[in-house]
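The values are calculated or read from the model by the stated rules, or taken from the named source; none is laboratory data. As the structure is a prediction and not an experimental result, all values here were calculated from the model. Note: ideal-geometry Cβ built from the backbone for every residue, glycine included; neighbour counts use all protein chains shown.
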Amino acid sequence: MKRIAAVIILICSLGAARAQDVHFSQFGSAPLLLNPALTGLSSCTYRASLNYRNQWASIVGPSSYQTYAGAFDIGLFRESFNYSMLGLGLMVFNDVSGDGALTNLTMMGSVAYHQNMGGRGNHYLSVGIQGGLVQKSVDYNNLVFESQIGQNGVDPNLPSGEYGDDAFSYFDLNIGANWRSRISNNFAFQFGGAYHHLGEPSESFYNRVDNKLNARYSGYGSFKLGFNKVVVIPSGIYMVQTEESNEEITAGATVGIAMDKGGSFLYLGGHYRVDDAIIPSIGFDYNNIQFGLSYDINISDLSAVSAYKGGIELSLIYVGCLTKERKYTIDCPRFL
C-alpha cells in the first residue's frame, strides 16, 4: 500500500509537466541533445558520447525511469576552411518510463557550421539544425484501468475500455546557436541557446491532433578559469517548455585538479536544480576520455516518499583525432 501511495504522489507531482523532454543533469555531456549547434565542435576531429540515467528507483523499483543516449559527431574541412568547419552528427536516445513501458525512441541527424572568428580556432560562432524521427509506444498489458477492477480486485482478463494505438511517430526539428571562445590558457567561455520542436508536432495514442508537444527553449553558459593546477568551471542552464510552470533552472560549479603534466584532471562539482535537486558529481579526464558520475538528491515535495533519492547518471565521452592531425587549441568547456 505504501508503494502504491508513493506512485500516486509521483504521478501527481509530474502531472503538470506534460509533454516535457528528457534531460540530463550532466547537460554538457550530451552536447547533441543540448544544442545542434554543438555538432562537430570539439578539440579534435570526432567525438563519441554515451549517457545513462536511472531516476525514481527508490519509489517505483524496477519501473524506474531510464534514459539511454548515444551520439557521434565530426568536424570537417577545418584546415581548408581556415579553421572554420562543418559539423555532422547522429544522435539516438531511448527513454523508458514506468510499468506501462512508455517508450520514447528518437533518432536525429544534425548539421552545424562553425565560423572561425579569430586566431587559430580560438573563437567560434556556430549555428546548427537537427531533424529526425520520434517514435513513442506503450505496453497496455502492463497497465490496469478502472474497468478491470471488480469486487474481487484486479482482473486483467476484463476489457480495459481503452482503444488507442500502442505506438505513433512523427518528424521533429530543432535549431540552435552557440558562441565559444578561448581567451588564454587560463580563461575560456561558452554560451548558447536552442529552440526544440519547431513544428510543435501532435502527440497522441488516440489520434488527437490538438495534443501538441510544445516548443522548448533553452539557454546555457559556462566559464573555465585556470589557476596553476586547478580549474574552476561555473555553469548553468535555463529551460522552459509550454509555460512558466514547466521551467528548469540549474546552476553550480565544478573544480578540476591536474593529476599530471599530461592533462589528466580529477573533477569534483555540485549543482542545484531549483526546487528539485542538489546534484553532487565526480569525473575525470584522461588523455582523450572524459567520464562523469552524478547523483540527484531530491529535495522537492516528493522527498517525503523518495527519501531524498533521485537519480544516478553516467556519462562517457571520447574525442579522437585523425591520423597526423594534432589536437586543436580551443578547449571544450566541461559541464558537470
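Before moving on, here are some points about what is shown:
- Counted residues, the range 64-104 - those being of a type in the set (Ser, Thr, Tyr) and part of a strand (DSSP E or B): 5
- In the range 20-44, the residues that are without any contact (Cβ under 8 Å) to a residue 60 or more places away in the chain and closer than 17 Å to Gly283 by Cβ reach residues that are buried (at least 23 other Cβ atoms within 10 Å of the Cβ) and acidic (Asp, Glu) with C-beta atoms within less than 9 angstrom, at least six apart or across chains, in these pairs: Pro31/Asp73.
- Candidate set: the range 75-91, residues that are within 26 Å of the chain's Cα centre (by Cα) and surrounded by 18 or more Cβ atoms within 10 Å (Cβ to Cβ); chosen: the one farthest from Asn178 (Cα to Cα): Met91
- Residue that is nearest to the chain's Cα centre (by Cα), among those in the range 284-295 that are at pLDDT below 95 and not aromatic (Phe, Trp, Tyr): Gln290
- Matching residues, the range 107-133, being closer than 12 Å to Pro36 by Cβ and either aromatic (Phe, Trp, Tyr) or surrounded by fewer than 19 Cβ atoms within 10 Å (Cβ to Cβ) (or both): Gly109, Val111, Tyr113, Val127, Ile129, Gly131, Gly132
- Tabulated pairs, the range 105-132, first under 12 Å from Gly176 (Cβ atoms) and polar (S, T, N, Q), second at pLDDT below 95 and crowded, with 17+ Cβ neighbours inside 10 Å, C-beta under 7 angstrom, 6+ apart or interchain: Ser126/Leu41
- Filter result for Tyr328 (more than 16 Å from the chain's Cα centre (by Cα), modelled with pLDDT under 80 and either part of a strand (DSSP E or B) or surrounded by 15 or more Cβ atoms within 10 Å (Cβ to Cβ) (or both)): yes
- Single residue of the range 164-185 satisfying the filter (within 24 Å of Met108 (Cα to Cα) and not in a strand (DSSP E or B)) that is modelled with the highest pLDDT: Asp166
- Matching residues in the range 305-321 - criterion: being at pLDDT 80 or above and over 20 Å from the mean Cα position of the chain (by Cα): Gly320, Cys321
- If you go through the range 251-277 and keep only what is closer than 27 Å to Ala304 by Cβ and part of a loop (DSSP other than H, G, I, E, B), you end up with Val274, Asp275, Asp276.
- Count - residues of the range 298-314 that are farther than 19 Å from His23 by Cβ and either touching a Pro at 6+ places or on another chain (Cβ under 8 Å) or assigned to a loop (DSSP other than H, G, I, E, B) (or both): 3
- Only one of the numbered conditions (1) assigned to a loop (DSSP other than H, G, I, E, B); (2) acidic (Asp, Glu); (3) within 24 Å of Leu302 (Cα to Cα) is violated by Glu248, and that is (1).
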